[in-house]
Amino acid sequence: MSVELDVFVGNTTIMDEEVYQLWLDGYTVNDAVKVRMEGGVMDECEASKDVLLSDTMDQYRTFQMCERLLHSPAKLANQLLFQIPPHRQIMLIERYYAFDDTFVREVLGKKLSKGTKKDLDDISAKTGVTLKSCRRQFDNFKRVFKVVEELKGPLVENIRQHFLLSDKLARDYAAIVFFANNRFETGKRKLQYLSFQDFAFCAGQLISNWTVGAVGESSIDPSYNMVEDMDVDLDKEFLQELKELKILITDKDLLDQHKSLVCTALRGKTKVFPEMETSFKNLSRGLINIAAKLTNTKDVRDFFIDLVEKFIEPCRSDRWTAADMKLYLTHYTNSAHILDTFKHQVVWDRYMGVVKSCIFKMYHD
Amino acid sequence: MPGKLKAKIVAGRHLPVMDRASDLTDAFVEVKFGNTTFKTDVCPKSLNPQWNSEWFKFEVDDEDLQDEPLQITVLDHDTYSANDAIGKVYIDIDPLLYSEAASVISGWFPIYDTIHGIRGEINVIVKVELFNDLNRFRQSSCGVKFFCTTCIPQCYRATLVHGFVEELVVNEDPEYQWIDRIRTPRASNEARQRLISLMSGELQRKIGLKVLEMGGNAVVGYLQCFDLEGESGLVVRAIGTACTLDKLSSGSAPNTNTHMHPNTAPASNACNSPSKDGKEPVFVEDLPSSSGPPTPFRALPTSSSSPPPFSPSKPCSRQSSSSDTDLSLTPKTGMGSGGSAGKEAGPLRTLLRQQTQTALEQRGASSSGLLLNAREFPFFTLTSFPPGFLLHVGGVVSARSVKLLDRIHNPALGNTRSYKLLDWNSVTADEPETRDAWWEEIRQEIKSHARALGCHAVVGYSESTSICEEVCILSASGTAAILNPRYMREGCLDIGCTDHRFEDPSPPSCGFCHIPYDELNMPFPAQLTYCYHCRRQKVPDVLFTTIDLPSEAAVAGKGCLIQARLCRLKKKAQGETNATAISNLLPFMEYELHTQLMNKLKLRSMNALFGLHIQISVGENMLLGLASATGVYLTALPAPGGIQIAGKTPGDLSNEHISSIQKRINDTIAVNKELYQINPPKLFALDPEVFCGINMELAEEGVGSPIPEPRHRSRLFRSHSESSDELSELDLSHGKKDAFVLEIDDTDAVEDIHSLLIDAPPPTGFYSCNTENMPGISNWTSGVQMFTSVRVLRLSNANLTNQGLNKIFTDLCENLLKSFYFKLRSMIPCCLCHLNFTVAVPEEELIQVTVTAVAMTYDKEQTQEKTAEKPVNKGSLEAEEQLQFPLELCADSSSSNIQTASKISGVAESTNISPRAASVDYGSFADRCSTWLELLRLKAHTIRRGSVKTSRRTQSLAHSVSSLERCSPLQEGRSRSLRSSRSFGGSSVTVVKMTPLSFLPGIRIIKYLGIINMFFIRETTSLREEGGVSGFLHSFIAEVFAMVRAHVAALGGNAVVSYSMKECVFMENPNKNQAQCLINVSGDAVICISETDQESSASTANTGQTGGGGTDGAT
């Protein structure tokens, strides 16, 4: 005697959020039943294991049928097959596109290709995220990447419109797309301490300041606002202009002047002032060399590793506090404005604005 | 040329990729009506084509308009090979044919393919221009409204109820035509879908014609069914109640002043005289023989049980089964009763009488043709009536007959005439063995049963079949009743002479319980007492009916679903042997089912069953019986006694064993009383002295016997060999009077008793019923969740016993219920209403159970409020006064009774509400509220309403609010920003609510748009790839729902009421990786609005309806 067929269909599609999460996390039906039993759901309504199994199977089937729609979330709202109230639709989409930070950290900056997909089982083993879930997340990244690749206009907005995601999630996806597109190196040992959210923040900074579509660029005419990949590629012109900043380290006078201005401002305000004074030149050279090299795609990829090696690590070994760092960078940036012979104020601000906030974000243990 | 049909194809969306190379589709559309076809242009390389076609115009007879569906086929253009079909849409244009209903059909329809399911959607606009033709109603019946609802529809008033209408149409099943061997399964399925659509249209038109001839304008309680008879054809049949309905202007109260004339003058003759002839013989001849045994036996009054093989209860049977085949010489009725010793004379005489009577009536009928034939039966498919309409209820009447299908193969159905519809009424009018005649026979039987119960009408009438190979069981059942003569026209029913009782109007709260039959000439030995409400008339001790609980009825506590389940193995056999075997089994099954129902009713301490539906399903090697009903405690009826267990002989089983079972039973009864809050105001009504105002012995007596008459004992016998010897002994050992005695004489009986106790009560917060109204609950909130569930069990063990099978079947049903409770736990407190179980034996070792029901939330706190406001005074004088209220103001009694019940039970209830509320997951039920913000508002509203806030309640509110926060996926501010920033592509899908009930809580129906009657076939040759049988059926049912919703939305509606899934035939062949399923659904499409304009729960429901689009952001 066995149950041959067992279905339950509601006019309003019944979805249990807990089971949905288990499904998303890649649990098998039997494992999900186990988890639910441990969760104590059986005590409600005097359910038995069979009841739980039947319910879980039903829900899994429903989710599988919905999955196709979730691949293009806009369809979910005007499909007729499932009657799902709007706030549930939002939940379904949001959870489907949610990802594990540990997983995304592994693929961040990697090419979203078949090759990477083959490595997913290794990543699964490393992160403890089930392979099924890894695949879903990876496919989500790839899907979003493919769609926005062909679209004009602002990246975050495009993602939000096409995938009906929350602002936060759309920004995260923008970061993933941005990293994947520019292939930033994030996997090096020295970068391991950084979380996805650190990178996402930096990506946000880069997108909104260094790309073609970056806001506040009055020099760019309005029609230019709709070019392809405007948020995905860095502004080439700007990268070119960054070379001009080299004067700050090549011109001896300027370098000394800059140093004295910064030191005057900092004196007495921090315990690590002596260290700051001694390492000023090194640090300044580091930052400006990074800027000057950004025209090279290879060096763009190493942007974060360079920031860590050339700036963050020296500071850390000198035991700067985060406040010290803030103080230093603020004065370092502002002092350049007072330099009479330094003409590249706009580029300087655009560069240092981003670098400053990136370093703030990245300066932790 | 009385009508012009116009159709416009606007656009398509989400089309499937038909061209692998380009990943696109070159779609065009064929629009077909009758024999005319139009085509749109090809819209190249698009999955979202915009055709925006011209108006395709069809000039057609209105007859065709009624019969034919508009057929829309979407195809993929292919230059080199044949065009590939993407899918089809059938649009029933009937709703456009009457003026009040929809004026245009416009919307997105799912494109359906029998192999692939839904493949995208198409936007279509359809209009009809009807010319004013004087002859319009001659051949067609445009304008007659159809309602599936089995009560007078909400926005109408019945000015006249004309009576029973029926019709059936027969055709060859395309699947069994020779051509089926060479055509594709798709073509075959489509032929079937189209044919059934045509047949339903024709059937509806013909019924409409009958209604017009009777002078009516509507059919209420329209029940259409398919019989897939296989080789011998396909029958579409329908019954309904013809009415003249007046549309109520909004706001005016529904008028209860309803007239009826089910039988007009000529029919009344046929009805009147034989009833006099027929009634007396039954009583005179049968009664003595039945009361023959000296035992003070009393069995199952007023309800019909099968003719049990055990003679004592024979006379109470108003049911019979027969196997009428050409060669069969077995008597028409009372097949099963032959076995009873010394009783042969009874059934034979009955048979003779019935045959003569039938002959008499047929003579009368044949002279005036078909129409009269229809009127001959004072049957009503309605299950609930306007107040005052229903006077007395006699009990359930039912009839079954077993037929052999291959015997009636009609030569008129040539196998090459594919789509020509043949009407058995016209073609084979003088052929005796038509299906019409079969049904006629059964209806006659029902009628005579009703008459034997002293009733002139049958209400809550329905018909059904079960087919296995060439054997077909036809069943009909209803409730014998007396309807108010004041609402009749010129005394057409045979009540004129009945007696004086009817002149004295009975109070509505108990009147329907009063016996309609003559006390001295009772059709069966029943135990009568004076009504516990008015004390003026006699009532039976138990009442079984197929109707809904009348709204004015006085009940105590809440109702509950009661099911009797039974399996009987039978030998595999062919033809006549098989039919005989089945008809031999039927009475035993009915008796068993009946015993189970009665026991379970007693176990729940209730005394009446409503909505009784007994289904017997036939398979190759077994018969399945399932009886479902809603049990309730009617305060007008005596309190049920307990159940007494007695051993056959003292030595048989140890006394401890018996007493332990007895204890369990008593405990269960006590628990159930608590659970269903049955605290009847029994003593006040009973005791004459109390009635006179003197307080005596208020609290002494327990469940005991309020019966003023000699003490009776009801007994259920387990076997033939039962004799009256043990009586005295029993009397000594069990002091309780009026107890129901269960005899334990063998292990089977022990098993039965155990299985009685297996039925688990629903978990806290849940109630269940199979009727329209849940007795004891009326304060519904807006949460509605309709669902369909199908479960198929494979019996692996071939050597099963009846007992083993029973257990398996019972567990199957119980587990289904448990699953529902679990799945719907987030709706607590809630009630599963209209639980409709259908059983089938699709293959030798398979049992299929299909359930459709609706879960509705109710406001538990409201009941609590009342408790808080009025403190409970149990057993005090004050309580007595309150309880006497219903006696004086009978009209209000039902509501006040509910209050009383809740008052008394309130204390116990409130203690367990807070932990319950804490675990409620409101967020997961969107039907209730579309966003959690609104929920908060709703919650706040509830708080406002509560005038008395106990700390406990506030606490529970806080709990539920916090649980909301937990389950809401987004923070408040976040969700706000989300909704404002997100667009859902501009298009919104109308939310369509569905319910098997005739109403939606808190929502008023303002317009009925027409009947939805759809038939779909789905087939797959890649079962595994579609997720196995469950995956296949799951998506098919979801697709059917989607198509129903789309059609309703296109008519401009936002809900389906009286929804039912009539058929769900599932066949599989896993070895071939194939499966097929047929589904037939029906219901009434309506437009409804929330009852209150205030910002309350109703407004939430409203937003839910408009949801999906930009409107959502605005809230």
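What follows is calculated from the coordinates using simple rules that are stated; it is not laboratory data. Source: prediction; values computed, not measured. Here Cβ is always computed from backbone atoms with ideal geometry, including for glycine, and neighbour counts include all displayed protein chains.
Quick notes on this one:
- Cα lying deepest toward the dipole's positive end in the stretch A:17-78, options A:30, A:20, A:71, charges on Cβ: A:71
- For the stretch B:781-791, 3J(HN,Hα) per residue [Karplus equation, 6.51 cos²θ - 1.76 cosθ + 1.60, θ = phi - 60°, Hz, x = Gly/Pro]: 9, 7, x, 9, 9, 8, 8, 10, 9, 10, 9
- Taking every alpha-carbon pair in the stretch A:236-362 and binning the separations at 5 Å intervals from zero gives 2, 11, 22, 25, 21, 13, 4, 1, 0 percent.
- Checking the Cα-Cα distances for B:39/B:1062; B:8/B:993; A:142/A:236; A:293/A:326; B:210/B:600; B:32/B:247 against a 32 Å cut-off, the pairs over it are B:39/B:1062; B:210/B:600; B:32/B:247.
- Here's how it looks for residue B:1009: its modeled amide H is under 5 Å from those of B:1085, B:1086, B:1087, which are all 5 or more places away or on a different chain.
- Per-residue Cβ neighbour rank within 10 angstrom, fewest leading, B:613, B:392: B:613, B:392
- Of the residues A:2, B:509, the one with the fewest other Cβ atoms within 10 Å heads the list, and the complete ranking is A:2, B:509.
- Since only A:155, A:138, A:204 are under comparison, the one whose Cα sits farthest along the positive direction of the charge dipole of the stretch A:101-210, derived from C-beta charges on Lys, Arg, Asp and Glu, is A:138.
- Point-charge dipole on Cβ atoms (K/R +1, D/E -1) for chain A, about Cα centre, debye to 20: 1260
- Across the stretch B:616-625, computed HN-Hα scalar couplings (Karplus, 6.51 cos²θ - 1.76 cosθ + 1.60, θ = phi - 60°) run 10, 10, 10, x, 5, 10, 7, 10, 10, x Hz from first to last residue, x flagging Gly and Pro.
- Per-residue HN-Hα couplings for the stretch A:8-24 [Karplus 6.51, -1.76, 1.60; θ = phi - 60°; Hz; x = Gly/Pro]: 9, 10, x, 4, 8, 5, 8, 9, 9, 5, 5, 5, 4, 5, 5, 5, 4
- Normalised alpha carbon radius of gyration of the stretch A:101-210 [divisor 2.2 N^0.38 Å]: 1.02
- Protection proxy ranking of B:476-482, A:132-138, B:768-774, A:54-60, by the mean of other Cβ atoms within 10 Å over each peptide's residues and highest first, is B:476-482, B:768-774, A:54-60, A:132-138.
- Each of the peptides A:348-358, B:1044-1054, B:183-193, B:625-635 was scored by the mean count of other Cβ atoms within 10 Å over its residues; in descending order, highest first, they stand as B:625-635, B:1044-1054, A:348-358, B:183-193.
- As a calculated quantity, the FRET efficiency between residue A:360 and residue A:190 at R0 = 22 Å, using C-beta atoms, amounts to about 0.75.
- Here is the size of the stretch A:17-78 from its Cα atoms: Rg then Dmax, 13.1, 39 Å.
- When A:259, B:860, A:111 are arranged by Cβ crowding within 10 Å, least crowded first, meaning fewest neighbours, the order is A:111, A:259, B:860.
- For the segment B:759-772, counting C-beta atoms of other chains within 10 Å of every residue's C-beta and taking the mean gives 1.
- A straight line joining the Cα centroids of the stretch A:90-159 and the stretch A:290-365 runs 30 Å.
- Theoretical ellipticity at 222 nm over chain A - DSSP helices of four or more residues, -39500 (n - 2.57) apiece, nearest 500: -19500 deg cm²/dmol
- The charge dipole of the stretch A:236-362, taken about its Cα centre with unit charges on the Cβ atoms of Lys, Arg (+1), Asp and Glu (-1) only, comes to about 240 debye.
- The percentage of C-alpha pairs in the stretch B:766-858 whose separation is greater than 15 Å is 62%.
- Which listed pairs, of A:118/A:146; A:281/A:356; A:110/A:132; A:49/B:673, have C-alpha distances above 21 Å, in listed order: A:49/B:673
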